[in-house]
């Protein structure tokens with residue numbers, strides 16, 4: 001590590017040279033000018049917003065030509081300009097990728113592969129400018145399991161492991177899809193196989209990286225045994241959620257797109273992860289993370305196990321002097337006028353009970369999406385209000401009737417009798 005620190009100090013000495021500082025100023029100046037113009041919403045020389053970056057790059061190219069005309073070094077300036085041009089090219093590539101790839105996948109591709117790889121290449125190019133990459137790769141950084149590691153081996157191992165982690169998704173998804181088509185397995189089993197294949201590839205990648213570094217396979221087995229003991233004692237909850245997630249995927253009882261009742265609220269399953277399941281609640285646009293083992297220890301109501309149809313219900317009271325058959329027929333006809341209420345199965349109105357102030361009715365109807373239940377119930381209630389108003393059906397307020405009493409009770413007469 002001391003040798004590496006000495007190399008870094010040597011880079012600082014290189015940056016203190018006047019000609020190097022001049023190149024840095026000429027390279028960074030247009031970048032700072034562009035940043036200032038965008039923050040202040042300025043348009044230097046009337047340049048449109050979309051042409052500010054090309055104009056700054058053109059200014060940087062003129063600086064390189066000026067240095068070349070004066071016979072001064074301009075390699076660092078041209079290198080920084082080329083890296084800036086490459087980063088700008090990644091932004092221009094974004095709309096091209098959107099033409100054939102979904103937006104979420106484009107975001108993952110850019111954030112996990114393209115941009116990190118570009119930054120690694122840029123860092124290597126800058127280090128190659130001030131030092132020898134071959135000499136840097138031979139610097140030892142320490143011993144692991146009686147094996148001496150140098151920077152080159154460590155960098156290659158980290159890079160290979162990162163590529164395995166990022167790139168294992170599409171091949172695993174492709175193999176799982178082929179098995180889904182060939183064997184006719186369920187969608188949940190396909191996702192479980194995809195997940196297992198991904199972690200199998202990652203495990204093989206870890207072993208391959210260890211062998212590449214020259215680690216003893218016996219030592220690797222010992223480390224794996226120690227990790228298994230750690231799983232049993234230290235992080236058993238995480239391991240339990242991991243196994244629960246795989247089981248849920250294979251079983252298909254909880255799968256993306258399913259609607260579950262959580263704390264009395266309908267929630268849609270968005271993603272089934274290794275540790276927790278991500279659910280979305282429509283009422284407040286909230287995302288909930290529920291540990292996977294919760295679905296094994298607690299009962300959960302689902303409205304989409306076999307289909308997405310759900311029977312919903314609203315209740316309403318009508319005055320006693322209205323004929324119940326008329327009210328029941330009106331409720332059923334009113335439900336059929338609401339666009340999101342299904343005609344088949346047909347709505348059904350029921351007389352539930354005789355209350356203190358009104359006869360209580362229930363209107364049951366079917367909908368196609370459980371997540372829309374609250375909104376559809378609101379539409380049905382509004383339609384009932386309008387229909388009752390048009391037909392003159394009263395929704396009474398709570399009321400009480402007072403009777404005068406005399407003593408002794410045998411002499412009491414109700415006030416409904418003839419005076």
* **Scan of the range 110-126 for residues that are surrounded by 15 or more Cβ atoms within 10 Å (Cβ to Cβ) and without any contact (Cβ under 8 Å) to a residue 40 or more places away in the chain, ordered by number** => 110, 114, 118, 122
* Starting from the range 375-398, keep only residues that are on the phi > 0 side of the Ramachandran plot, then list their pairs with residues that are modelled with pLDDT of 90 or more and surrounded by 12 or more Cβ atoms within 10 Å (Cβ to Cβ) whose Cβ atoms are within a distance under 9 Å, requiring at least 6 positions of separation or different chains. => 392/322
* **Given (1) in a helix (DSSP H, G or I); (2) over 19 Å from residue 91 (Cα atoms); (3) at pLDDT 75 or above, index of the condition residue 34 fails** => (2)
* Asked: Considering only the range 127-172, how many residues are more than 23 Å from residue 210 (Cα to Cα), at pLDDT 80 or above and touching a helix residue (DSSP H, G or I) at 6+ places or on another chain (Cβ under 7 Å)?
  -> 2
* Structure fact -> Only one of (1) farther than 29 Å from residue 18 by Cβ; (2) surrounded by 11 or more Cβ atoms within 10 Å (Cβ to Cβ); (3) touching a helix residue (DSSP H, G or I) at 6+ places or on another chain (Cβ under 9 Å) does not apply to residue 91, and that is (2)
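Can you tell me which residues in the range 266-283 are at pLDDT below 80 and under 18 Å from residue 374 (Cβ atoms)?
Residues of the range 266-283 that are at pLDDT below 80, as a first pass: 271-275, 282-283.
Hits for the range 266-283 are 282, 283.
The values are calculated or read from the model by the stated rules, or taken from the named source; none is laboratory data. As the structure is a computational prediction, the values presented were derived from the model and not from experiment. Note that we place each Cβ from the backbone using ideal geometry, even for glycine, and neighbour counts take in every protein chain shown.
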